[in-house]
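I have placed the structure first, in the form of structure tokens, so that the comments after it can refer back to it.
We did not get these values from a lab; they are worked out from the coordinates using the rules stated. What you see is a predicted model, and the numbers here were worked out from it, not measured in a lab. Methodologically, a virtual Cβ is constructed for each residue, glycine included, from the backbone with ideal geometry; neighbour enumeration extends over all protein chains shown.
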Amino acid sequence: MKIDVLTLFPEMFAPLKTSIIGRAVDSGKLEINIVDIRDYTLDKHKKCDDTPFGGGAGMVMMPQPIADAIKAVDPNHEAKRIFLSPRGRVFKQEVVIEFSKLDRILLLCGHYEGVDQRVIDLFIDEELSIGDFVLTGGEIPAMAVVDAVARYIDGVIKSESLEQESFASGMLEYPHYTRPQEFMGLKVPEVLTSGHHGKIDEWRAQKSKEITAKNRPDLLEKGE
Ligand code: 4HQ
């Protein structure tokens, strides 16, 4: 899969070079192309934002540099073009799986108050929100999308991990423990060291249910 990311702050994407996503890139399973929108400005001062028509606080990203960047990176519109915004469809695990089936995704990151609406109208296929809160830019949401989608590319993580995880079952995860058997006075639940796999599965299912009921009762209703 190839993911293009258009941003005014390419240096924010350093985390994608590390850990599991870094390895996915190094192995060639995932290609991430970070594009600096400022490279496409025609202004001699490399200006990419301007004051909003109609007045109001903050700055708006100008349409020309973004439009030229999109046309340069995806001239034949092969990518699904996504703009990160609290106005968009909410990013859920179903959406992760849907996107993981695509060959190409382009993520446009706005900063400041937002981008000129005409860029969205002319070039964007879908607006996507990672949740009901306001950030300073779309860069962190874009990284969340890259990370969540990359996990579903073949060979990026063990398939058992995908099957096991919360949301596959519609429930939150049970608690995990590793050595030592006792830490700061707290012992690992005995069932987990019993070697009785039937009982372990039962205990984990019970814990998942308790945690889901407490924190996300809406998920339990959906699953039944
Ligand atoms: N943004 N989910 C873009 C977000 C956001 C979100 C704030 C993105 C401001 C310009 N994006 N701008 N939540 O808060 O995707």
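Here Leu30 fulfils each of the conditions (1) closer than 14 Å to Leu8 by Cα; (2) touching a helix residue (DSSP H, G or I) at 6+ places or on another chain (Cβ under 6 Å) apart from (1). Out of everything in region 175-203 that is in a loop (DSSP other than H, G, I, E, B) and of a type in the set (A, V, I, L, M, F, W, C), what residue ends up being surrounded by the most Cβ atoms within 10 Å (Cβ to Cβ)? Taking the candidates together, the pick is Val188.
For region 141-174, filtering for residues that are outside any helix (DSSP H, G or I) and either surrounded by 13 or more Cβ atoms within 10 Å (Cβ to Cβ) or at positive phi (or both) leaves 15.
Filtering region 40-69 to residues that are surrounded by 15 or more Cβ atoms within 10 Å (Cβ to Cβ) and either of a type in the set (Gly, Ala, Ser) or within 20 Å of the chain's Cα centre (by Cα) (or both) leaves Ala67, Ala69. Here Asp132 meets the list (1) touching a residue at least 12 places away in the same chain (Cβ under 8 Å); (2) away from the ligand (no atom under 14 Å from the Cβ); (3) not β-branched (Val, Ile, Thr) almost entirely, failing just condition (2). Val149 falls short on exactly one of the conditions (1) touching a Ser or Thr at 6+ places or on another chain (Cβ under 6 Å); (2) more than 16 Å from the ligand (Cβ to nearest atom), and that condition is (2). With respect to (1) without any contact (Cβ under 8 Å) to a residue 24 or more places away in the chain; (2) surrounded by 12 or more Cβ atoms within 10 Å (Cβ to Cβ); (3) farther than 21 Å from Met12 by Cα; (4) charged (D, E, K, R), the lone exception for Asp74 is condition (1). Here the helices (runs of 4 or more DSSP H) wholly within region 18-129 that include at least 2 residues being within 16 Å of the ligand (Cβ to nearest atom) and not hydroxyl-bearing (Ser, Thr, Tyr) are 63-73, 93-100, 117-123. Scanning region 146-201 for residues that are under 30 Å from Ile130 (Cβ atoms) and charged (D, E, K, R) returns Asp147, Arg151, Asp154, Lys158, Glu160, Glu163, Glu165, Glu173.
Looking only at region 91-130, residues that are under 22 Å from Glu165 (Cβ atoms) and over 11 Å from the mean Cα position of the chain (by Cα) come to 7 in all.
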